[in-house]
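Reading through the structure tokens given below for one structure.
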Amino acid sequence: MLRSVRAIVTLSLSFGTLALGGLAACGDDGGAGTVTDALGDTAAAVDTLPADTVDDAVDDTATADVVDPDTAADAVDAEPDVDSQAADADTADLVDTAPVLDPNGDTDKDGVFDLDEVDDGTDPFDPRSCRAWHPEIAGHPRLFLRPDDVAAVAARVGAEGAPAHAAIWPRIVSRANQAPPEQPTDGTYDPSVAAAQGDIAEAAAFRGLLEGDAAMTAKAVALLAAAFPDPTYLNQQSAFDVGAHYDLIESEALVGFCTAYDYVAGTPGVAAEDLAAARAGVVARIDTFRRMCFQPGGCRALIVNERNNHTEKPVGALGLCAIAVPDRPEAAADFNDAVASLDWLLNVRQGVPEGGYAEGWNYLVYAGQSFLQLMLAWHRLAPGAEWPLHGLGAVTPSDPRAGDIATYRDFATHPTTRAIFKNLLVATTPNARTVPTDDGNPSTWPGGLLAALFDDPHLLWRWDAAGYATPRCATATFAALDPAMTAADPDWPLETFLPEAGFSVLRSDFGPDALYLHVNHERGVVREAGFSHEHADNLSLVLHAFGEPLVIDPGYIDYTNHKKVRYATDHNLVLVDGAGPDFSPFDDLVQAQPNCDAFLHDHDVDATFATLIASSKYAGAEVRRRVVRVANRWVIVADSLLSAAPRTWTWQLNGAAGGTVPSSSYAATELGGVWVRAKASLEAAVVPTVGAPAFSTTLEDSLNVDGLRQHVRLAADATMGPAAGFLAVLAPTRAGDDAPTITRVSAPSGVAALALTAPDATWDLVVLNLTPAAVTLDFAGSPRVAAPGLTIQGAHAATPRELSMATPPIPDPVPWLPPEE
């Protein structure tokens with residue numbers, strides 16, 4: 001009873017001081033306050049309440065008539081006065097409406113009862129202010145398995161009927177057995193050494209936990225406790241040493257070290273002094289990382305500006321370490337900041353509810369190497385949680401919720417998070433790799449970890465073909481994935497049209513030999529937020545068939561080399577007087593994204609045809625592109641090109657053969673060319689609607705399934721005014737089969753026609769008519785009528801199939817402005 005009275009008196013007299021002092025006591029120096037200011041104010045917030053100098057949770061001079069003029073910069077802002085007689089200086093719309101202390105509860109849901117928080121000197125109404133991260137959750141291991149799970153997880157080693165675990169365990173053993181590299185002896189710091197040490201420590205600690213191998217545990221403890229060079233010199237230059245990639249690689253190191261500590265802390269028989277030394281080493285790394293990247297300096301400036309993988313990886317690592325080492329006074333604040341920031345970065349800044357991701361799938365996988373573990377650990381400890389959290393936005397100041405207490409949900413149940421990771425698989429190519437659009441190379445994905453996180457066996461689809469990949473998440477996957485979960489067939493359609501997510505996929509089936517067509521049509525968030533990782537690839541396409549990539553996106557290579565592959569000339573687009581989507585003329589300064597959106601319009605699927613039309617504006621012209629997959633066998637690409645004056649238009653196709661691509665060839669034909677690979681070939685025939693094409697080929701750089709190579713790009717030039725367009729047929733053929741014959745059919749100006757004759761002598765006529773009236777062509781001894789638009793008739797369309805080339809109006813690109821001085 002005395003304790004309750006004390007709490008009420010304390011809160012009544014100096015609620016603002018208690019709340020702010022509690023933040024400082026928890027070491028929350030990454031927000032508006034500083035470690036030397038118990039009130040948590042900034043220089044702009046002149047608070048009349050002095051600090052509590054005797055640490056009794058009651059301000060030394062607090063009285064009922066003290067005025068506390070909070071400001072928006074205050075770490076816990078707009079706390080109303082508690083005493084109804086006090087002058088209200090908080091905000092105009094909050095007058096004496098103090099939250100009510102629950103004597104028997106946990107108002108802020110941070111795992112500490114309100115009255116205990118009063119005793120601790122922390123804020124019972126602020127989830128970031130408490131002595132530890134959720135101290136009601138006891139024991140280690142806690143991230144990916146609990147103490148009661150250890151025996152069952154250990155039994156998976158060598159178990160029958162667990163192919164994924166059988167593939168993963170040798171990786172863990174191999175990593176644990178490696179000799180750890182050492183930091184340079186000249187006092188410099190190499191983040192890649194730390195990342196390797198963290199990986200080895202994690203694997204060794206996991207073996208020690210599961211196998212009772214004391215030597216492995218000791219190896220992990222030694223790595224955890226080891227001193228390391230001070231890296232802060234990387235952050236004291238006029239600009240952050242981006243080349244060292246401290247923000248990215250140290251995030252990976254921290255995930256490894258904090259995971260290793262969790263395993264060691266849960267391993268029986270570890271001496272108390274060894275565990276204390278391991279903890280001290282990990283805390284030193286966490287504290288250094290917080291100072292480097294979450295307080296003012298070059299690292300923080302970089303990740304605040306990037307708002308992409310550069311920011312997602314650090315917040316993911318910091319949040320995971322808050323759970324792994326929860327008794328740090330900063331842990332609760334770190335977790336609040338991490339989850340709030342990651343939610344905004346992933347689900348708002350980079351993602352859209354339909355499941356698009358701006359940076360592309362390769363970067364989603366890469367960033368996920370440092371944040372998926374946080375998602376999984378939180379989900380396993382609090383499935384379906386909806387917690388009030390208070391992120392200050394230290395590295396995400398653009399987040400409108402920064403500084404507010406808001407409810408955040410378990411990522412595993414968040415519809416946008418789930419849609420993003422499911423669409424990674426929707427877009428996956430038949431050879432079980434991510435489609436390499438934007439700054440992306442073909443990559444595998446952590447299917448087992450995703451299936452465990454989202455409790456969804458569909459996410460195991462094709463993971464076996466991806467080699468049961470575990471990119472920087474082997475121990476988490478081994479621990480969290482239930483061996484009884486087996487891959488389920490996709491629960492999404494073969495044809496997927498996603499206007500907001502920015503792409504469409506047309507598949508003949510879900511097998512490795514499927515005819516697969518991917519079309520890019522990004523707009524809004526998924527184009528803009530990719531920033532310097534965005535490519536000029538709107539309306540570009542990717543084609544696979546018979547187990548081979550045939551029409552390719554050139555990929556990414558790496559950031560140093562991505563200018564070799566990011567422009568319109570590197571993609572399967574139509575150029576306008578040699579130009580494509582416009583990058584900033586100040587590209588060397590701002591490294592910005594191209595400035596034009598693309599819009600998906602109508603689409604349709606039936607037993608024979610799957611089709612879509614999308615449009616974009618760039619280089620002073622409008623391009624309308626319709627693609628059609630015919631009978632799961634071949635593809636039509638029809639382009640209608642609009643400009644106020646005649647232009648020289650260039651139709652481009654990048655084939656995955658020729659040049660330095662191994663075991664491949666390219667040969668020119670009268671209407672285009674043929675690319676030949678080991679299991680399949682592709683013939684492309686293209687004709688303009690006006691005049692004759694001028695063909696040329698160049699060797700272009702690409703990083704695809706064959707590695708870094710040069711392939712053959714075909715270009716067809718034609719100068720056209722009104723009724724400009726191109727008609728192309730892409731015909732893949734399995735190796736050993738007879739290829740179809742493609743011929744040009746005579747047509748008037750403004751019309752292009754191609755006939756495809758199969759080996760069995762059946763034919764299809766395709767006509768692109770960009771004139772305002774129907775035309776009659778003579779083909780196969782009979783007149784053939786083609787209405788305006790695209791018409792298909794023949795073996796696959798006894799009744800002509802007519803498809804419009806008209807699209808609704810779309811906005812013009814926004815002109816680039818010079819960067820601000």
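The values are calculated or read from the model by the stated rules, or taken from the named source; none is laboratory data. What you see is a predicted model; the values in this text were computed from it and never measured. Methodologically, a virtual Cβ is constructed for each residue, glycine included, from the backbone with ideal geometry; neighbour enumeration extends over all protein chains shown. Just the protein is used for accessible areas: all its heavy atoms, side chains included, with ligands, DNA and RNA removed. Shrake-Rupley method; radii C 1.70, N 1.55, O 1.52, S 1.80 Å.
Which residues, taken from segment 352-382, are part of a helix (DSSP H, G or I), of a type outside the set (Lys, Arg) and open to solvent by 10 Å² or more (accessible area, probe 1.4 Å)?
Trp361, Asn362, Tyr363, Val365, Tyr366, Gln369, His379, Leu381 - these are the residues of segment 352-382 that are part of a helix (DSSP H, G or I), of a type outside the set (Lys, Arg) and open to solvent by 10 Å² or more (accessible area, probe 1.4 Å).
Need the failing condition index for Pro181 against (1) touching a residue at least 40 places away in the same chain (Cβ under 8 Å); (2) surrounded by fewer than 23 Cβ atoms within 10 Å (Cβ to Cβ), just the number.
Only one criterion is unmet by Pro181, namely (1).
With Leu790, Leu817 as the choices, which residue is in contact (Cβ under 8 Å) with a residue 40 or more places away in the chain and either farther than 21 Å from Ser615 by Cβ or part of a strand (DSSP E or B) (or both)?
Checking each option against the conditions leaves just Leu790.
For Ala215, work out the one condition from (1) closer than 28 Å to Phe478 by Cα; (2) crowded, with 17+ Cβ neighbours inside 10 Å it doesn't fulfil.
(2)
Residue-wise test of (1) at pLDDT below 95; (2) of a type in the set (Lys, Arg); (3) open to solvent by less than 50 Å² (accessible area, probe 1.4 Å).
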| site | (1), (2), (3) |
| --- | --- |
| Ala226 | no, no, yes |
| Pro229 | no, no, yes |
| Thr232 | yes, no, yes |
| Cys258 | no, no, yes |
| Arg279 | no, yes, no |
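Here's the yes/no breakdown for (1) assigned to a loop (DSSP other than H, G, I, E, B); (2) farther than 24 Å from Met375 by Cβ; (3) modelled with pLDDT of 95 or more:
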{"residue": "Arg128", "(1), (2), (3)": "yes, no, yes"}
{"residue": "Pro141", "(1), (2), (3)": "yes, no, yes"}
{"residue": "Ala151", "(1), (2), (3)": "no, yes, yes"}
{"residue": "Thr188", "(1), (2), (3)": "yes, yes, no"}
{"residue": "Ala205", "(1), (2), (3)": "no, no, yes"}
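Please report, ordered by residue number, the strands (runs of 3 or more DSSP E) entirely within segment 597-692 with at least 2 residues that are open to solvent by less than 30 Å² (accessible area, probe 1.4 Å) and of a type in the set (A, V, I, L, M, F, W, C).
Ranges flagged: 598-605, 609-618, 621-630, 634-642, 647-654, 680-688.
Can you report the number of residues in segment 244-289 which are within 15 Å of Thr475 (Cβ to Cβ) and part of a loop (DSSP other than H, G, I, E, B)?
2
Determine whether segment 693-704 contains at least one residue that is part of a loop (DSSP other than H, G, I, E, B) and either modelled with pLDDT of 95 or more or in contact with a Phe, Trp or Tyr (Cβ under 8 Å, 6 or more places away or on another chain) (or both). Before the answer, list the steps.
Our first condition is that a residue be part of a loop (DSSP other than H, G, I, E, B); within segment 693-704, this holds for 693.
Next, only the ones that are either modelled with pLDDT of 95 or more or in contact with a Phe, Trp or Tyr (Cβ under 8 Å, 6 or more places away or on another chain) (or both) stay: 693.
Within segment 693-704, one or more residues are part of a loop (DSSP other than H, G, I, E, B) and either modelled with pLDDT of 95 or more or in contact with a Phe, Trp or Tyr (Cβ under 8 Å, 6 or more places away or on another chain) (or both).
Would it be correct to say that Thr267 is touching a residue at least 60 places away in the same chain (Cβ under 8 Å) and within 31 Å of the chain's Cα centre (by Cα)? Before the answer, list the steps.
On the way: touching a residue at least 60 places away in the same chain (Cβ under 8 Å): yes; within 31 Å of the chain's Cα centre (by Cα): no.
Here the answer is no, as Thr267 does not meet what is asked.
In a strand (DSSP E or B), crowded, with 18+ Cβ neighbours inside 10 Å and more than 44 Å from the chain's Cα centre (by Cα): does that describe Leu777? I'd like the intermediate steps shown before the answer.
Details: in a strand (DSSP E or B): yes; crowded, with 18+ Cβ neighbours inside 10 Å: yes; more than 44 Å from the chain's Cα centre (by Cα): yes.
When the stated conditions are applied, Leu777 passes them.
Return the total of residues in segment 749-761 being open to solvent by 60 Å² or more (accessible area, probe 1.4 Å), of a type outside the set (A, V, I, L, M, F, W, C) and out of contact with any Asp or Glu (no Cβ under 8 Å at 6 or more places or on another chain).
2
If you check Arg300 against the conditions, is it assigned to a helix (DSSP H, G or I), within 18 Å of Ser370 (Cα to Cα) and open to solvent by 60 Å² or more (accessible area, probe 1.4 Å)?
Answer is yes for this residue.
When residues of segment 795-821 are filtered for being open to solvent by 20 Å² or more (accessible area, probe 1.4 Å), small (Gly, Ala, Ser) and in contact with an Asp or Glu (Cβ under 9 Å, 6 or more places away or on another chain), how many remain?
Residues meeting the conditions: 2.
Just need a number here: residues in segment 511-524 that are in contact with a Phe, Trp or Tyr (Cβ under 9 Å, 6 or more places away or on another chain) and within 21 Å of Ile613 (Cα to Cα).
7
Is it true that Val526 is in contact with a Leu (Cβ under 9 Å, 6 or more places away or on another chain) and either at pLDDT 95 or above or of a type in the set (Ser, Thr, Tyr) (or both)?
no
Only one of these conditions is not met by Ile405: (1) open to solvent by 10 Å² or more (accessible area, probe 1.4 Å); (2) among the β-branched types (Val, Ile, Thr); (3) closer than 23 Å to Gly298 by Cα. Which number is it?
Status for Ile405: all satisfied but (3).
Tell me which residues, restricted to segment 303-330, are open to solvent by 10 Å² or more (accessible area, probe 1.4 Å), within 21 Å of the chain's Cα centre (by Cα) and acidic (Asp, Glu). It would help to see each step written out before you state the result.
Quick first cut of segment 303-330, residues open to solvent by 10 Å² or more (accessible area, probe 1.4 Å) only: 304-307, 310, 326-327, 329-330.
Going one step further and asking which of them are within 21 Å of the chain's Cα centre (by Cα), we end up with 304-307, 310.
Once the filter is applied, which keeps residues that are open to solvent by 10 Å² or more (accessible area, probe 1.4 Å), within 21 Å of the chain's Cα centre (by Cα) and acidic (Asp, Glu), segment 303-330 yields only Glu306.
Could you look through segment 338-367, keep only residues that are among the small types (Gly, Ala, Ser) and within 8 Å of the chain's Cα centre (by Cα), and pick out the one that is farthest from Val525 (Cα to Cα)? Walk me through it before giving the result.
The initial filter retains those residues of segment 338-367 that are among the small types (Gly, Ala, Ser), namely 338, 340-341, 351, 355-356, 358, 360, 367.
Within this subset, residues satisfying the condition of being within 8 Å of the chain's Cα centre (by Cα) are 351, 358, 360, 367.
Details: Gly351: 7, Ala358: 7, Gly360: 12, Ala367: 18 Å.
If we take residues in segment 338-367 being among the small types (Gly, Ala, Ser) and within 8 Å of the chain's Cα centre (by Cα), then Ala367 is farthest from Val525 (Cα to Cα).
List the residue pairs whose Cβ atoms are under 8 Å apart, where the first residue sits in segment 115-142 and is on the phi > 0 side of the Ramachandran plot, the second is in a loop (DSSP other than H, G, I, E, B) and open to solvent by 10 Å² or more (accessible area, probe 1.4 Å), and the two are 6 or more positions apart or on different chains.
The qualifying pairs are Gly121/Asp52; Gly121/Asp55; Gly121/Ala57; His134/Gly111; His134/Pro326; Gly139/Arg146; Gly139/Gly266.
Could you tell me which numbered condition Glu211 fails, if it satisfies all but one of (1) in contact with a helix residue (DSSP H, G or I) (Cβ under 8 Å, 6 or more places away or on another chain); (2) under 19 Å from Ala317 (Cα atoms)?
Of everything listed in (1) in contact with a helix residue (DSSP H, G or I) (Cβ under 8 Å, 6 or more places away or on another chain); (2) under 19 Å from Ala317 (Cα atoms), Glu211 misses just condition (2).
So Thr396 passes all but one of these: (1) of a type in the set (S, T, N, Q); (2) in contact with a Gly (Cβ under 6 Å, 6 or more places away or on another chain); (3) open to solvent by less than 10 Å² (accessible area, probe 1.4 Å). Which condition number does it fail?
(2)
Only residues in segment 499-522 that are at negative phi and in a strand (DSSP E or B) count as the first member; pair them with residues that are acidic (Asp, Glu) and open to solvent by less than 10 Å² (accessible area, probe 1.4 Å), Cβ under 7 angstrom, at least 6 apart or cross-chain, and list the lot.
Asn520/Asp537
What is the one condition in (1) under 22 Å from His796 (Cβ atoms); (2) acidic (Asp, Glu); (3) part of a strand (DSSP E or B) that Asp738 does not satisfy?
Tallying (1) under 22 Å from His796 (Cβ atoms); (2) acidic (Asp, Glu); (3) part of a strand (DSSP E or B), Asp738 fails exactly one: (3).
Being closer than 24 Å to Phe546 by Cβ and without any contact (Cβ under 8 Å) to a residue 40 or more places away in the chain is the filter; apply it to segment 708-742 and report the residue that is surrounded by the fewest Cβ atoms within 10 Å (Cβ to Cβ).
Gly736
Checking the structure you have, find out if any residue of segment 128-145 is charged (D, E, K, R), within 33 Å of the chain's Cα centre (by Cα), more than 17 Å from Pro329 (Cα to Cα) and open to solvent by 50 Å² or more (accessible area, probe 1.4 Å).
No, segment 128-145 has no match at all.
Of all residues in segment 444-457, which are at negative phi, part of a loop (DSSP other than H, G, I, E, B) and either modelled with pLDDT under 95 or open to solvent by 20 Å² or more (accessible area, probe 1.4 Å) (or both)?
Listed by number, the list holds a single entry, Thr444.
Exactly one condition in (1) buried (at least 24 other Cβ atoms within 10 Å of the Cβ); (2) touching a strand residue (DSSP E or B) at 6+ places or on another chain (Cβ under 9 Å) is not met by Lys564; state its number.
Unmet condition: (1).
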